[in-house]
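Peer 1: Dropping a structure here in structure tokens format, bear with me for questions.
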Amino acid sequence: MKKLEEYIVPWVRNSDPYRADHLDFAWDHPELIRMMSNENPLQPSRSVLEAVGNAAAHANLYPDSGQQLKKALAVRVGLHADNVVLGNGSTDLISLVIATVVSPGENVIIPAPTFSMYARRTRILGGVPVEIPLAETNYWDIDRILAAVDESTKLVFLCSPNNPTGNLIAKRDVERILELGIPTFFDEAYFELTLNETTWAPRVLEFPHLMVSRTFSKAYGLAGLRLGYLFCAQSLANFLNRVKNPWNVSLLAYHAGLAALEDEDARMERRDLIIGGREWLIDQVNRLPLIRAFESEGNYVLIDASSLGCSSSALVASLVERGVLIRPMDSHGMENGYVRVTVGTPEENGTFIARFKDVVAQLSRTQS
Ligand SMILES: *Cc1c(COP(=O)(O)O)cnc(C)c1O
């Protein structure tokens, strides 16, 4: 008899499991301030909670295909409901796109460091991630990206603002990549938090291989409900919808999404809170000698604390002892001493800065 392992497809057998330890730990320790996963610090607005409650009363029924939500999303960017594909979070859409265009053994170009799901989902589905390091400045190395393209390249991921670096990619550079005619997944997860809110969504009519994804997890603060969406040409949406699981978005998520779109005041409140908190955090960190916070267009700030001479994980552990959860970035292939902090409420931001200063002071003492 064959061993069970031998039945597992090789790319799954040889893959690393995704570890959700940081989330398990955070849920087990509700007393800690959660600034590690780019979540929104505010609870859903009253109208969203009400919509979810009402929908829950019909949870014995299967949801429809979400036409009403697709239409509401499409009209905002001048597109049609047929240009929208809905996902159980945008991570679901990442998997869906890979499964639709990448055969096992084929290449996927991923400028890195970036959102880790692009490479993880590629591997799990048998594709080969080709990671192209960002330049020194954290900017995309467009020449290297173009040079890495070959016959076997089936997909390019672009994330702007990029997680975790926080910067935006210039229009002309995206166009250079789109001119290749290769399926390109443009991740606008933090679109609503950028100051100018420029989007690639309407350009899917001009570039039939462009996909623009967004999520309700960040600016709208519905990470726990799992709702993401993607804009693309109708011809491409038809294929994606064949691969997509039916009913991949729950009835509760549909109704939460519709209510969130209508509650413009709640969105603006969250946007202003995050942008204000982000600029304050950057300024406060940059006042500390030898420590650098990078400019960011997202709800997170990348910090280079490598001058402290301690590892990212040791830095994170010292903050956990002081009640604050943040994310080490060495796992993202960044240098030791890089961490990422999510923008919280003004009170949470204040606590983080106070505790971070404590840690910096303690480490500077032990160093000298
Ligand atoms: C957080 C994040 C997402 C969101 O994922 P969901 O599955 O929608 O919760 C997508 N892309 C990037 C770059 C992110 O940082």
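The values are calculated or read from the model by the stated rules, or taken from the named source; none is laboratory data. Predicted model only: the values in this text are computed from it and were never measured. Cβ coordinates were reconstructed from backbone atoms using ideal geometry, including for glycine residues, and neighbour counts include every protein chain displayed.
Peer 1: Whether any residue in the range 140-157 is modelled with pLDDT of 95 or more, within 14 Å of the ligand (Cβ to nearest atom) and of a type in the set (S, T, N, Q) is what I want to check.
Peer 2: No: zero hits.
Peer 1: Can I ask one more? If you take the residues of the range 331-351 that are crowded, with 16+ Cβ neighbours inside 10 Å and farther than 20 Å from Gln43 by Cα, which of them is modelled with the lowest pLDDT?
Peer 2: Among them, the one singled out is His332.
Condition check ((1) within 15 Å of the ligand (Cβ to nearest atom); (2) not in a strand (DSSP E or B)) across all residues:
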{"site": "Ser213", "(1), (2)": "yes, no"}
{"site": "Leu236", "(1), (2)": "no, yes"}
{"site": "Asn241", "(1), (2)": "no, yes"}
{"site": "Asn248", "(1), (2)": "yes, yes"}
{"site": "Ala253", "(1), (2)": "yes, yes"}
{"site": "Ala256", "(1), (2)": "yes, yes"}
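Peer 1: Would you check which residues across the range 14-55 are surrounded by fewer than 13 Cβ atoms within 10 Å (Cβ to Cβ), under 21 Å from Gly228 (Cβ atoms) and touching a residue at least 12 places away in the same chain (Cβ under 8 Å) and list them?
Peer 2: Matches in the range 14-55: Tyr18, Gln43.
Peer 1: Restricting to the range 230-287, what's the tally of residues that are in contact with a Leu (Cβ under 9 Å, 6 or more places away or on another chain) and acidic (Asp, Glu)?
Peer 2: The total comes to 1.
Peer 1: Same structure again: Sort through Arg172, Arg123 and tell me the only one that's surrounded by 17 or more Cβ atoms within 10 Å (Cβ to Cβ), of a type in the set (Lys, Arg) and more than 15 Å from the ligand (Cβ to nearest atom).
Peer 2: Testing whether each residue is surrounded by 17 or more Cβ atoms within 10 Å (Cβ to Cβ), of a type in the set (Lys, Arg) and more than 15 Å from the ligand (Cβ to nearest atom) leaves just Arg123.
Peer 1: Considering only residues of the range 299-313 that are in contact with a helix residue (DSSP H, G or I) (Cβ under 6 Å, 6 or more places away or on another chain) and in contact (Cβ under 8 Å) with a residue 60 or more places away in the chain, which is nearest to Val359 (Cα to Cα)?
Peer 2: The qualifying residue nearest to Val359 (Cα to Cα) is Val301.
Peer 1: Next question, about the same structure. Within the range 39-57, can one find any residue that is part of a helix (DSSP H, G or I) and touching an Asp or Glu at 6+ places or on another chain (Cβ under 7 Å)?
Peer 2: Within the range 39-57 (the criterion being part of a helix (DSSP H, G or I) and touching an Asp or Glu at 6+ places or on another chain (Cβ under 7 Å)), the answer is yes, since at least one residue qualifies.
Peer 1: Taking Val108 as meeting all but one of (1) in a helix (DSSP H, G or I); (2) under 26 Å from Arg242 (Cα atoms), write down the number of the exception.
Peer 2: Result: Val108 passes all but (1).
Peer 1: Related question: Quick one: in the range 66-94, which of the residues that are on the phi > 0 side of the Ramachandran plot and buried (at least 16 other Cβ atoms within 10 Å of the Cβ) is nearest to the ligand (Cβ to nearest atom)?
Peer 2: Taking the candidates together, the pick is Gly89.
Peer 1: Then there's this: Could you please find all residues in the range 192-201 being of a type in the set (A, V, I, L, M, F, W, C), in a loop (DSSP other than H, G, I, E, B) and touching a residue at least 40 places away in the same chain (Cβ under 8 Å)?
Peer 2: Matches in the range 192-201: Leu195 only.
Peer 1: Additional query: Given the conditions (1) in contact (Cβ under 8 Å) with a residue 12 or more places away in the chain; (2) surrounded by fewer than 22 Cβ atoms within 10 Å (Cβ to Cβ), which single one is not true for Leu230?
Peer 2: (2)
Peer 1: Run down Ala99, Ala74 and say which single residue is at pLDDT 95 or above, out of contact with any strand residue (DSSP E or B) (no Cβ under 8 Å at 6 or more places or on another chain) and not polar (S, T, N, Q).
Peer 2: Answer to the selection: Ala99.
Peer 1: Just checking, how many residues over the range 314-328 are free of Cβ contacts under 8 Å to residues at least 40 places away in the same chain and not hydrophobic (A, V, I, L, M, F, W, C)?
Peer 2: Looking only at that region, the number is 3.
Peer 1: If the Cβ limit is 6 Å and pairs must be 6+ apart or interchain, which residue in the range 180-191 that is in the same structural domain as Asn107 (by TED's automatic domain parsing) and within 11 Å of the ligand (Cβ to nearest atom) pairs with which residue that is assigned to a strand (DSSP E or B) and among the basic types (Lys, Arg)?
Peer 2: Qualifying pairs under 6 Å: Glu188/Arg214; Phe191/Arg214.
Peer 1: For the range 221-234, give me each residue that is within 10 Å of the ligand (Cβ to nearest atom), at negative phi, over 11 Å from the mean Cα position of the chain (by Cα) and not in a strand (DSSP E or B).
Peer 2: Of everything in the range 221-234, those that are within 10 Å of the ligand (Cβ to nearest atom), at negative phi, over 11 Å from the mean Cα position of the chain (by Cα) and not in a strand (DSSP E or B) turn out to be Leu222, Gly224, Leu225, Leu227.
Peer 1: Out of Leu290, Leu261, Leu222, report the one residue that is out of contact with any strand residue (DSSP E or B) (no Cβ under 8 Å at 6 or more places or on another chain), within 25 Å of Trp27 (Cα to Cα) and in contact (Cβ under 8 Å) with a residue 12 or more places away in the chain.
Peer 2: From the options Leu290, Leu261, Leu222, the qualifying one is Leu222.
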